[in-house]
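Scroll down for the structure; my scribbles are underneath it.
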């Protein structure tokens, strides 16, 4: 875990420089295909530093993540047979077992799998690349990514804007459970709507 922790601290260090916003965009882009640290950590730090810019930071994060997701899709679609062993060896979250599980899920839930991964702590890079490998509809992939990533980053940034420092500790401790609860409620609501029609 030490290399990951050092990388985490390195990501946070950008918040205290004038390159914080470009670093956030770069991190959001890279995390969608190869980088292991989620952009939320830098997004939170930047929002705490200037809470008035929370919309700007969230929008930058969302757009860069969408573009990074499209890169991940391209990697899967055109280059997977060339780079697959490198991903399995060096990118956290990528295993042959995870790859096979995602393939089965895509057959029934393609849009929802992308959306849930975009919003939750599920390693999103696994989804972007496998979506390209399995030829998921690109328009559906892009819409699910845009909605899921924007919902996640705007929610985090808004909470920092509204509550400030105290909510940071709460998010840090419970983020995974909160996002999973939100997705469970969302899917429950969707199933309930289908039952009434």
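Coordinate-derived values only; no laboratory data. What you are looking at is a predicted structure, and each value in this text was computed from that prediction instead of being measured. We place every Cβ from the backbone using ideal geometry, glycine too, and count neighbours over all the protein chains shown.
If contacts are Cα pairs under 8 angstrom and at least 6 residues apart, what is the relative contact order of the stretch 1-138 in percent?
28
Write down, largest first, the equivalent ellipsoid semi-axes of the stretch 75-115 in whole Å, where each equals the square root of 5 times an eigenvalue of the alpha-carbon gyration tensor.
So the three semi-axes of the stretch 75-115 are 20, 12, 9 Å.
Rounded, prolate or oblate, given the Cα gyration tensor of the stretch 1-119, with a/c below 1.5 counting as rounded?
Verdict is prolate for the stretch 1-119.
In what order do 17, 145 fall by count of nearby beta-carbon atoms within 10 Å, going from fewest to most?
17, 145
Along the Cα-to-Cβ line of residue 111, 7 Å from the Cα, sits a label point; which residues in the stretch 74-97 have backbone N less than 12 Å from it?
none
For the stretch 139-166 and the stretch 47-64, what is the centre-to-centre distance using only Cα atoms, to the nearest Å?
Using only Cα atoms, the two centres lie 10 Å from each other.
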